[in-house]
Amino acid sequence: MTVTQESPAASSVADGPLSSLWAEVTGMCQLSCVHCYAGSGPDGTHGTMTADDWEKVLMEAAALGARNVCFIGGEPTLYPALPGLVRHALGLGMEAEVYTNLVRVRPELWELFGTPGVRLATSWYSNDRVEHKLIAGRDTFRQTLANIEEVLRRGIKLRVGLIDGILPGQHAKEGAELLRARGVVDIDGDHVREFGRGTNPDPSQACGNCGHRRAAVLPDGAVTPCPLTRWMKAGNVTRAPLADILGSVTRMAATLPARMPTCEPDTCFPDWKPCKPNRSAAQSRSANRACNPACGPDAQEPCPPNCRPSDSSVQSLSIQPMRDPCMPDHWCNPTCTPGACTPNI
């Protein structure tokens, strides 16, 4: 059957109050990472949200303008209803990312991950197997690396979060070099943040862009500005529609440290990837740091994914109004040919 009706996400994305959603479908995980923001592990549960509850949340998010959903955990591949939820999101016009540890991938999941509109993300720490075990709690270095190679072999989109500062002398840089040698292109660097297991919430550790047209839903239905700010509960989708909760999300997020006026182009991605405050706004406005094309134009502005930034954008950085500090196209202004496309994210 052919459906020509425009999806909720496609029709409202330009001006909807929500652009992306984190769906934390489970607290269960095979690993016990020492830095886990969710405190997940083998003793975790799938929470109280049912598959029907999650489908309802996805429908509400799409109607509010969300065009991206990131399925997280815990380990989301352990959630039995994940394949159906991913396909449901795709049917609503959203793109889906699954943030997985890639320790084990069932055969049916490989088929799911190869579906157009689906991408993967995973974490990586070092080129040292012993360090990896100390961080993850299990010796899964070889399994994860082998599955990263299989992802690349199958041509599935993948980004890797390389988290540094977990162990003294951690070989994170060498870990990135190992992945690049295997063919991984999209590697995001980050430092360990003081959230989750064994730490007290520290608002200053947030990226500063929490709750800005984005929200996270936890396994019990609680809504928070970001998976990292999980102590900030704005409401619960089992008791109120998501649309009624978003206002509280925004108000709570406003109590966090203020957002920086610009984002560092190497780590600022269209909308749903975490945005890190710029270490030096003046440096980022210099000509040699204008716009990293991999940062990609925001999908709200029709533009081919591989276009280059306009030469005039550098001169206009300080005078162009910025509707969202995390939207690269608002300040790098790529020169592109008309036509809708999927951004290179």
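Any read-out appearing in this document is the output of simple, stated calculations on the displayed coordinates, not a laboratory observation. The model shown is predicted, which means the values in this text are computed figures rather than measured ones. Methodologically, a virtual Cβ is constructed for each residue, glycine included, from the backbone with ideal geometry; neighbour enumeration extends over all protein chains shown.
Of note:
- Label point 7 Å beyond Cα of ARG154 along Cβ direction - residues of region 102-124 with amide nitrogen under 17 Å: 102-123
- Over all other residues within a Cβ to Cβ distance under 12 Å of GLU131, the charged ones net out to -2, with Lys and Arg as +1 and Asp and Glu as -1.
- Listed peptides 82-90, 181-189 appear in the order 82-90, 181-189 once ranked by packing, highest mean of other Cβ atoms within 10 Å at the front.
- Cα→Cβ-extended label distance, 7 Å offset, between ARG129 and ASN236, nm: 4.6
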